[in-house]
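Take a look at the structure below.
The values are calculated or read from the model by the stated rules, or taken from the named source; none is laboratory data. A quick note: this is a predicted structure, and the numbers were derived from the prediction, not measured. All Cβ positions, even for glycine, are placed from backbone atoms using ideal geometry, and neighbour counts span all protein chains on display. Please note that ligands, DNA and RNA were not included when accessible areas were found on the heavy atoms of the full protein model with its side chains. Shrake-Rupley method; radii C 1.70, N 1.55, O 1.52, S 1.80 Å.
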Amino acid sequence: MRRQIILSYISLIFISSCNFSQNLQVPENQFLVKTKSLRLPLDEKSTYEFYIYQVVRDTLLVLNQVNYSLDFYSLSDQKLIHRIPVEREGVNGLERLNTFYYHNADSIFLFPQFLLKNSLIVDLSGNIVDRIKHNEFTSDIDGLINHVGTPSVPSILFGNELHFSVYPLLDASLQDGNFITEHSLNLISGDFTSYNYVKKPNVFHDQRWIEETFKRVKIGPEEWYFSWNLSDTVYHIKGENGVLIESIPIPMNGEISTKPQPVPKDKYKEKWPKMMSEGYVYGRILLDLEKNIIHRIRFLPLAESKTKNSDIINIYLSKDFEILTYNLNGEFFGSTKFKAGIYDPLVPFLGPDGIYLPRIHPNYKNLNEDEIVYDVFSAK
């Protein structure tokens with residue numbers, strides 16, 4: 001039941017689809033190959049719900065929301081190596097622990113949902129180093145900051161500036177082509193900077209869509225790779241001093257154009273499930289700067305025979321998916337396709353040995369509450 005609730009929430013954040021009529025056959029894996037598997041043990045205080053995480057070299061950090069702690073796993077030794085407990089209440093407490101960001105051993109940020117003020121900064125021993133303070137932030141709902149901070153849209157620190165993305169909270173904001181998603185907070189002054197030149201493509205303005213959000217990788221204070229979940233193009237965006245320098249479109253669609261269709265506003269609830277099931281949607285992008293490679297997840301349309309039986313809340317787990325691999329110049333290397341039913345394609349990560357996919361699909365017959373298993377895929 002807990003997993004269903006969490007997945008329902010995640011689905012609301014990551015809801016994505018493209019309406020496209022062509023269905024693809026799903027052959028054997030083409031480009032990436034499985035090189036190994038690893039098993040991380042779960043104790044009585046853990047579950048396999050590794051939804052909020054970060055990879056730091058050989059260590060996988062996981063937000064354990066059941067235990068209210070930040071857990072550290074060695075990927076090479078395949079074991080839990082450290083745990084930072086977080087208090088829920090009191091002078092040192094943090095309510096609604098939601099996301100985190102590990103900068104270094106002395107600066108680990110713990111964020112509550114919808115707020116930045118009073119977020120904790122702790123060290124590796126769990127000692128409180130500071131709390132975030134800031135001045136007024138302009139939001140579509142006063143007092144709330146829907147900062148994302150998930151693995152596919154992580155917060156990150158450059159110098160004294162904490163950079164983060166926000167998702168809209170209101171339907172009107174979803175349709176607003178000028179909604180500002182990218183911001184930074186100066187941790188010393190408490191002032192915010194907004195990067196208003198980062199906007200969703202014009203084609204998505206002033207319409208209702210099944211998906212309104214994005215994934216992104218931020219590699220500098222004003223440099224991003226942006227993947228809007230309805231667009232078959234990834235944008236390499238660069239700015240300087242708050243001014244756009246260039247936005248380079250890189251088609252990353254596996255050489256199959258996917259053109260989304262808006263959902264009729266007057267029939268949104270009626271049309272949404274079918275379009276959601278039958279459409280393409282783009283997911284996480286994984287940037288490997290060492291190999292000059294970018295991977296992009298794409299969820300494939302459900303066959304018409306499966307559409308009526310699909311679980312719309314967990315639609316991503318019903319769809320077959322593929323990993324599209326490119327170099328950073330936009331050269332397509334190949335696609336790796338997977339059947340639904342084994343992996344959770346919402347939560348892969350790029351680690352020391354390639355792409356780590358967790359076998360935590362609820363229908364996976366070998367799901368084990370005592371461990372989480374990752375299969376690792378890399379280029380041939």
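Structure notes:
- Selection within region 205-227: residues that are without any contact (Cβ under 8 Å) to a residue 40 or more places away in the chain and part of a strand (DSSP E or B). The member of this set that is nearest to Asp176 (Cα to Cα) is Phe226.
- As a summary of the residue check, Gln261 satisfies the conditions (1) buried (at least 18 other Cβ atoms within 10 Å of the Cβ); (2) modelled with pLDDT under 95 except for the one numbered (1).
- Each residue in region 106-159 was checked for being open to solvent by 40 Å² or more (accessible area, probe 1.4 Å), assigned to a loop (DSSP other than H, G, I, E, B), out of contact with any Asp or Glu (no Cβ under 7 Å at 6 or more places or on another chain) and over 20 Å from Ser173 (Cβ atoms), and 8 pass.
- First in region 347-369 and in contact (Cβ under 8 Å) with a residue 24 or more places away in the chain, second anywhere and β-branched (Val, Ile, Thr) and open to solvent by 50 Å² or more (accessible area, probe 1.4 Å), Cβ under 7 Å, 6 or more apart: Asp353/Thr35; Gly354/Thr35; His361/Ile342
- Residue count, region 352-371 (criterion: open to solvent by 20 Å² or more (accessible area, probe 1.4 Å) and out of contact with any helix residue (DSSP H, G or I) (no Cβ under 9 Å at 6 or more places or on another chain)): 11
Matching residues to (1) part of a loop (DSSP other than H, G, I, E, B); (2) at pLDDT 95 or above; (3) open to solvent by 50 Å² or more (accessible area, probe 1.4 Å); (4) hydrophobic (A, V, I, L, M, F, W, C):
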| position | (1), (2), (3), (4) |
| --- | --- |
| Glu246 | no, yes, yes, no |
| Met275 | no, no, no, yes |
| Tyr280 | no, no, no, no |
| Glu290 | yes, no, yes, no |
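- Within region 254-302, being under 15 Å from Thr233 (Cβ atoms) and among the basic types (Lys, Arg) holds for Lys259, Arg296, Arg298.
- Across region 175-212, the qualifying residues are those that are among the β-branched types (Val, Ile, Thr) and within 21 Å of Leu244 (Cβ to Cβ), and the one among them that is most open to solvent (accessible area, probe 1.4 Å) is Val203.
- Selected residue [in contact with a Ser or Thr (Cβ under 8 Å, 6 or more places away or on another chain) and at pLDDT 90 or above] from Leu32, Leu61, Leu97, Leu38: Leu32
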